[in-house]
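Report on the structure given below.
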Amino acid sequence: MNAVVKEWIAKAEEDWRVANREFQITNEPAYAIVCYHSQQCAEKYMKALLISHNIRPEYTHDLIKLSLNITEIIIDWVFDKGILYRDIPSVTPRQIRQALILSGISMSMIDDALSALPEPVSSLAKAEWEYSISFDRRRQLVQQVGILLGWTPEQLDNLWIFAGSIK
């Protein structure tokens, strides 16, 4: 890691410490300062990443622009509708069901999770589960069912990667 990257990381960590310290204050915390330094922290880490790949970041405070630059160098991430995701390919119904079973999740557990959703979401989710020809990790239904099963986003990513490896 070169000296310039180390400097950007040091500045990012300083912003993080300031934001965290202000956030801990119980008597009249300055939340605008927390937000400002959190944004600055993210921006500086993003610029450090770009610099570490020999890309000179443009002069901007726009995290979306920086995210788009980052997705060009980290190819397994995609920026879609304002959110940065791991770019995980869709899987077939067979792949996701087998991955779930091999991960200790029974089909009845999935049925229970889908039934626990409020209507009409529950009925729509059951139709999607039953009739989809592919399953996309970024679907809102996946997030909802994952929460009901107590899974973190990282665990869901890993399940999709595992499912994609099933041939």
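Worth pointing out:
- Scanning the range 108-152 for residues that are part of a loop (DSSP other than H, G, I, E, B) and polar (S, T, N, Q) yields SER132, SER134, THR152.
- Pairs where the first residue, in the range 143-156, is of a type in the set (Val, Ile, Thr) and the second is surrounded by 14 or more Cβ atoms within 10 Å (Cβ to Cβ) and in a helix (DSSP H, G or I), C-beta under 8 Å, 6+ apart: VAL145/ILE110; VAL145/ALA113; VAL145/LEU114; VAL145/ALA125; THR152/GLY146
- Residue match in the range 10-26 (condition: outside any loop (DSSP other than H, G, I, E, B) and closer than 23 Å to GLU72 by Cβ): yes
- Residues of the range 8-30 that turn out to be over 10 Å from TYR45 (Cα atoms) and either surrounded by 13 or more Cβ atoms within 10 Å (Cβ to Cβ) or at pLDDT 95 or above (or both), as a count: 11
The values are calculated or read from the model by the stated rules, or taken from the named source; none is laboratory data. Computed from a predicted structure; not experimentally measured. Every residue, glycine as well, gets a Cβ built from its backbone with ideal geometry; the counts of neighbours run over all protein chains shown.
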